[in-house]
């Protein structure tokens, strides 16, 4: 199967790019993965992304593209996942210069979107 060319100006990540959990990791934790992964980002927001399991292979499925778009993940971005158990992953997102991106906290996000936050 020929690979798709990726151009630096292309904002869209190819569908198969970065969404499969490596086989070595699946062999270790695959037995404890449910049908939904919980991905926590440093700002405290938790994303629910369905996992698709096909013959010893696991990949992120429904909800993955929303996660990618929400955090502007594109070619050149790096996302590192730490597995915390119980189908929960902590995600660290880095830009093309290898600097971790600091997103506003959950409270700051709701405040900047025009919603008032109350203690």
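Listing for the model above:
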quantity: Scope the stretch 68-105; condition without any contact (Cβ under 8 Å) to a residue 12 or more places away in the chain and on the phi > 0 side of the Ramachandran plot; matching residues; calculated: 72
quantity: Failed item, numbered, when residue 44 is tested on (1) part of a loop (DSSP other than H, G, I, E, B); (2) in contact with a helix residue (DSSP H, G or I) (Cβ under 7 Å, 6 or more places away or on another chain); (3) crowded, with 16+ Cβ neighbours inside 10 Å; calculated: (3)
quantity: Given (1) at pLDDT below 90; (2) exposed (fewer than 12 other Cβ atoms within 10 Å of the Cβ); (3) out of contact with any helix residue (DSSP H, G or I) (no Cβ under 7 Å at 6 or more places or on another chain), index of the condition residue 99 fails; calculated: (1)
quantity: Residue check for residue 63: over 15 Å from residue 95 (Cα atoms) and at pLDDT below 90; calculated: no
quantity: Of the criteria (1) assigned to a loop (DSSP other than H, G, I, E, B); (2) modelled with pLDDT of 90 or more; (3) under 11 Å from the mean Cα position of the chain (by Cα), which one residue 92 fails; calculated: (1)
quantity: Residue under evaluation residue 87, criteria (1) under 11 Å from the mean Cα position of the chain (by Cα); (2) modelled with pLDDT of 95 or more, criterion not met; calculated: (1)
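Here's the yes/no breakdown for (1) assigned to a strand (DSSP E or B); (2) under 23 Å from residue 100 (Cα atoms); (3) at pLDDT below 90:
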{"position": "14", "(1), (2), (3)": "no, yes, yes"}
{"position": "27", "(1), (2), (3)": "no, no, no"}
{"position": "34", "(1), (2), (3)": "no, no, no"}
{"position": "48", "(1), (2), (3)": "yes, yes, no"}
{"position": "59", "(1), (2), (3)": "yes, no, no"}
{"position": "69", "(1), (2), (3)": "no, yes, yes"}
{"position": "72", "(1), (2), (3)": "no, yes, yes"}
{"position": "82", "(1), (2), (3)": "yes, yes, no"}
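The values are calculated or read from the model by the stated rules, or taken from the named source; none is laboratory data. No experiment lies behind these values; they were computed from the predicted model shown. In this analysis, Cβ positions are derived from the backbone assuming ideal geometry, glycine residues included, and neighbour counts consider all displayed protein chains.
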